[in-house]
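Read-outs throughout are calculated quantities, based only on the coordinates presented, and are distinct from any laboratory measurement. What you see is a predicted model; the values in this text were computed from it and never measured. As a convention, Cβ positions derive from the backbone with ideal geometry for all residues, glycine included, and neighbour counts pool all protein chains shown.
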Amino acid sequence: MQGEKKETVFDRIYSQKVRLTLLLFQLILLYLPTLMLFSIQTDNGPIPASLCYFFSLVFVPYLLVHFRQLKWPPWYLTGFFVFVLVWAAICMPEYGLSKSVLHWAFGLYLLVMVPNVGKDFSKGEWVRLLEIGACTFAVLHFGYMIIHREYLLTMLRGYFDGSGNGYFASLIPSLTRGGRHLDATWLALGAYFVRGKKKAVYVTYAVLFSFVSSSRVGIVAIGMLILWSLFYDPMYRLRLKNLKWYVLYAIVIVALLVFSGSAQGLLSRISIQVPPPAQILGIVSQQEVQEMSEGLMSTGFLSGRDVLWNMVPPAIAERPVGYGVGNAIRVFRMYYGFDSYEDVMHNVFLQLLMDEGVIGAVWFVGMCIAFFVSQFKQRPRFFAAPIAGYFLTYLVLSLVQFHGGEALMQFVLAISLVQPQLLFGEPKNALENTPPLPDDKAGEEAAP
């Protein structure tokens with residue numbers, strides 16, 4: 001027909017199906033930053049050349065061809081990201097180049113690339129993409145744990161007989177390069193997008209891994225996900241008819257955790273000592289447990305984070321404009337005698353305050369206020385949409401974890417820009433018209 005735009009070879013190469021597939025691979029690679037081609041050593045730490053960065057270049061031709069039609073992120077995001085990078089360049093001669101510069105530059109790229117590449121995707125396709133990404137990560141993570149099962153078996157043996165405590169969990173290899181806590185966190189956050197019967201399997205694995213790895217942040221994250229599901233998930237919403245099954249499930253899980261010693265291992269991380277299973281079953285005596293546990297590592301409730309945080313007031317008083325992204329720990333080592341292995345502040349507000357000064361702190365607080373106000377307008381169904389629950393959990397965990405430039409969070413944030421219904425809509429609306437995975441029909445039949 002005349003007037004219709006003729007499809008070009010380029011359009012066929014970057015068809016909607018191809019772009020959706022490429023974005024799915026991009027999401028999976030974001031879960032796996034351990035896949036590195038090389039790293040660049042600097043005096044401010046190594047800068048990893050992760051495969052996810054290189055793969056993202058596949059979208060550049062599409063963005064260039066559609067450059068005039070590009071939609072940019074809102075000014076309050078674009079402006080702040082640009083400010084972070086410019087301020088980092090200004091501070092670089094004094095403090096060096098940090099890997100966090102790459103994180104924020106890549107985050108800005110994701111905020112531009114994802115909404116424009118997926119501008120014609122339905123909300124159902126976005127949810128399915130997030131679901132497949134989360135499930136793929138969970139399967140890969142389980143396989144990774146099987147490969148490294150000797151660490152798990154050593155740890156569980158220590159939990160069982162009392163010769164080890166929760167700090168033994170540091171032996172667990174990390175698939176995310178961020179340690180077992182980050183593994184547990186991304187597992188829990190991904191569960192917001194998982195549906196159907198497989199969600200029960202997914203959540204069970206996330207719960208067990210959080211306990212086995214003695215990850216307190218993992219427990220908080222998966223706990224918030226479970227509460228959200230009991231209120232808002234159509235299939236798992238708490239009702240009288242399924243209450244007995246939830247109680248039975250909880251009893252089985254608690255028994256498994258207690259008699260494997262995983263619960264005791266986690267409790268030891270908060271200085272609560274409970275007899276190990278071997279002692280409860282009479283296999284070893286209390287005296288033997290005390291002898292085996294002598295000399296086990298122990299730290300405070302905040303695992304030394306309070307020492308780090310207490311350095312912030314004098315450092316900011318000295319330089320209210322901040323030290324540039326990723327330079328906080330370097331400054332503490334140079335001038336305040338900090339000598340731990342940490343490389344981030346484990347608190348997003350304090351990280352932005354140290355890196356970008358008062359401007360960074362005000363921006364973060366403003367974004368939090370805007371988010372909570374937007375959810376208040378959805379009353380009485382506060383945080384009912386999957387991405388809203390995801391962001392709420394991230395903000396709670398940001399009190400003790402993260403650094404503010406996480407690529408996975410930026411990816412989800414980018415999706416919320418192109419599909420606001422996933423942030424503000426009802427869960428049922430957000431999940432409708434979504435091509436179901438094999439077991440989703442059962443979930444839909446169970447939904448009211």
The chain: DSSP helices with Cα axial extent of at least 20 Å and average Kyte-Doolittle hydropathy no lower than -1.0: 16-31, 75-95, 99-117, 123-147, 198-212, 216-232, 240-260, 348-376
The range 139-253 - Kirkwood radius from inverse mean 1/r over Cα pairs (Å): 15.0 Å
Listed peptides 150-157, 8-15 by packing density, highest first (mean Cβ within 10 Å): 150-157, 8-15
The range 77-206 - convex hull of the alpha-carbon atoms, volume per residue in Å³: 148 Å³
Of every Cα-Cα pair in the chain, the percent that sits beyond 28 Å: 56 percent
19 Å Cα-Cα threshold exceeded, pairs from K119/K377; K71/K119; K17/K123; K119/K197: K119/K377; K119/K197
Kirkwood Rh in Å, taken over the range 10-69 so that all alpha-carbon pairs contribute: 13.2 Å
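What value, in deg cm²/dmol to 500, does the helix sum -39500 (n - 2.57) over DSSP H runs of n ≥ 4 give at 222 nm once divided by the residues of the chain?
Dividing the helical sum by the residues of the chain leaves -19500 deg cm²/dmol.
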Distant-in-sequence amide H partners of M36 (H built 1.01 Å from N, under 5 Å): L51
For I47, residues with placed amide H under 5 Å, excluding near neighbours: I40, Q41, T42
